[in-house]
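Below: the structure, in structure tokens.
The values are calculated or read from the model by the stated rules, or taken from the named source; none is laboratory data. Values in this document were obtained by computation on a predicted structure and should not be read as measured data. Every residue, glycine among them, receives a Cβ derived from its backbone with ideal geometry; neighbour counts consider all protein chains shown.
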Amino acid sequence: MFKFFRSRSSQPVIPDGLTVYAVGDIHGRDDLLRTLLEQIEAREEPPETRRYIFLGDYVDRGPDSRAVIDRLIALSRARNAVFLKGNHEAALLGFLDDARWGPQWAQFGGAETLQSYGVSAPLRDEPDVWEETQAQFREAFPDAHRRFCEALTLSEALGGYFFVHAGVRPGAPLNEQAEDDLLWIRNDFLDDDRPLEKVVVHGHTPHETAYRDHRRLSLDTGAYITGRLTAARLESDSVEIIQAVSPGLDQS
């Protein structure tokens, strides 16, 4: 599925010779990720001019978090790609280090991630039960997957854009943002209308469709529940929205 935003003279610019594909929250939907990457790889620009920027939340809620990370690791070996940390990766890493994260993580999608690695979330919240689950997950979680998650970055600045998972704290310089805000902020960022240093490209808060205004470009369309995974193709001063859509859904 393709949608186009008309370019404007005030539109921020990507440096010449580079095409950026910013990808919204995947949340375990490896089927949609595979389709989206196939669409992108079929585009006509030379692959060496293409840069992927993934906005975080690769895991949780959807059924195939393990397959998503496998696919992203494989992509990183073949293409120029930047992988940002989402709040869900932060929660996963928190559980690997501290079993007390388990009940909270499971409630907002971690149970599905555990299942994708062959581990069942316990039905009880006693500490010893979650410590056993943590031990099982540590055993099942490949070293390559842990290295991938631990290497995730918090932001990427490129041309007139600032790429991040959740958003930024208005009034604070982009190079002085707090990690909690970059991973978790919602209304304080979304409801503010002050201009920012750069246009912020983000996920974290789902909209029915991609959203764009003078401050931000939002690419989280709730793939795990809507069946729509969204990316933006940014080249020079143009913006094009691309979607992978589950079979049987309205393509319009």
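Conditions (1) modelled with pLDDT under 95; (2) polar (S, T, N, Q), marked per residue:
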{"residue": "113", "(1), (2)": "no, yes"}
{"residue": "125", "(1), (2)": "yes, no"}
{"residue": "134", "(1), (2)": "no, yes"}
{"residue": "143", "(1), (2)": "no, no"}
{"residue": "147", "(1), (2)": "no, no"}
{"residue": "180", "(1), (2)": "no, no"}
{"residue": "186", "(1), (2)": "no, no"}
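Write out, first by first residue and then by second, each pair whose Cβ atoms fall under 9 Å of each other, whose residues are 6+ apart or on separate chains, and whose first residue, in the range 180-198, is touching a residue at least 12 places away in the same chain (Cβ under 8 Å) and outside any loop (DSSP other than H, G, I, E, B) while the second is surrounded by 15 or more Cβ atoms within 10 Å (Cβ to Cβ) and of a type in the set (Asp, Glu).
Once the first residue is touching a residue at least 12 places away in the same chain (Cβ under 8 Å) and outside any loop (DSSP other than H, G, I, E, B) and sits in the range 180-198, its partners that are surrounded by 15 or more Cβ atoms within 10 Å (Cβ to Cβ) and of a type in the set (Asp, Glu) give 183/89; 188/181; 189/181.
Kindly provide the set of residues from the range 201-229 that are out of contact with any His (no Cβ under 9 Å at 6 or more places or on another chain) and polar (S, T, N, Q), ordered by number.
205, 209, 226
Name the single residue that is farthest from residue 248 (Cα to Cα) among those in the range 29-55 being hydrophobic (A, V, I, L, M, F, W, C) and not in a helix (DSSP H, G or I).
First, the residues of the range 29-55 that are hydrophobic (A, V, I, L, M, F, W, C): 32-33, 36-37, 40, 42, 53-55.
Keeping just the survivors that are not in a helix (DSSP H, G or I) gives 42, 53-55.
Details: 42: 22, 53: 28, 54: 26, 55: 26 Å.
The qualifying residue farthest from residue 248 (Cα to Cα) is 53.
Would you confirm whether or not the range 158-176 contains a residue that is out of contact with any strand residue (DSSP E or B) (no Cβ under 8 Å at 6 or more places or on another chain), surrounded by 19 or more Cβ atoms within 10 Å (Cβ to Cβ) and among the β-branched types (Val, Ile, Thr)?
no
Among the listed residues 114, 174, 123, which satisfies the condition of being in contact with a Ser or Thr (Cβ under 8 Å, 6 or more places away or on another chain) and free of Cβ contacts under 8 Å to residues at least 24 places away in the same chain?
Sole residue among the options that is in contact with a Ser or Thr (Cβ under 8 Å, 6 or more places away or on another chain) and free of Cβ contacts under 8 Å to residues at least 24 places away in the same chain: 114.
Consider only pairs whose beta carbons are under 6 Å apart and that are at least six residues apart or on different chains; among these, list those whose first residue lies in the range 212-234 and is surrounded by 20 or more Cβ atoms within 10 Å (Cβ to Cβ) and whose second residue is among the acidic types (Asp, Glu) and outside any strand (DSSP E or B).
Pairs found: 220/25.
Just name the residue that is nearest to the chain's Cα centre (by Cα) out of those in the range 44-67 that are surrounded by 21 or more Cβ atoms within 10 Å (Cβ to Cβ) and aliphatic (A, V, I, L, M).
Ranking the candidates gives 55 first.
State whether one or more residues within the range 6-28 are closer than 23 Å to residue 225 by Cα, in a loop (DSSP other than H, G, I, E, B) and touching a Pro at 6+ places or on another chain (Cβ under 8 Å).
Filtering the range 6-28 down to residues closer than 23 Å to residue 225 by Cα leaves 21-28.
Filter again for in a loop (DSSP other than H, G, I, E, B), leaving 24-28.
Then drop every residue that is not touching a Pro at 6+ places or on another chain (Cβ under 8 Å), which leaves 25, 28.
So far as the range 6-28 goes, yes, one or more of its residues are closer than 23 Å to residue 225 by Cα, in a loop (DSSP other than H, G, I, E, B) and touching a Pro at 6+ places or on another chain (Cβ under 8 Å).
What helices (runs of 4 or more DSSP H), lying completely within the range 80-123, carry at least 2 residues that are touching a Cys at 6+ places or on another chain (Cβ under 9 Å) and surrounded by 21 or more Cβ atoms within 10 Å (Cβ to Cβ)? Can you show your working first?
Values: elements: 87-97, 102-105, 111-116.
Filter on the range 80-123 gives 87-97.
Going by what's in this entry, would residue 18 be described as under 29 Å from residue 181 (Cβ atoms), touching a helix residue (DSSP H, G or I) at 6+ places or on another chain (Cβ under 7 Å), at pLDDT 95 or above and not charged (D, E, K, R)?
Yes, satisfied.
Which residue, of 144, 140, 151, is loosely packed, with under 13 Cβ neighbours inside 10 Å, in contact with a Phe, Trp or Tyr (Cβ under 8 Å, 6 or more places away or on another chain) and either of a type outside the set (Asp, Glu) or closer than 16 Å to residue 57 by Cβ (or both)? I'd like the intermediate steps shown before the answer.
On the way: 144 fails: in contact with a Phe, Trp or Tyr (Cβ under 8 Å, 6 or more places away or on another chain); 140 fails: loosely packed, with under 13 Cβ neighbours inside 10 Å.
Going through 144, 140, 151 in turn, the sole match is 151.
Would you tally the residues in the range 136-167 being in a helix (DSSP H, G or I) and among the hydrophobic types (A, V, I, L, M, F, W, C)?
Here the count works out to 5.
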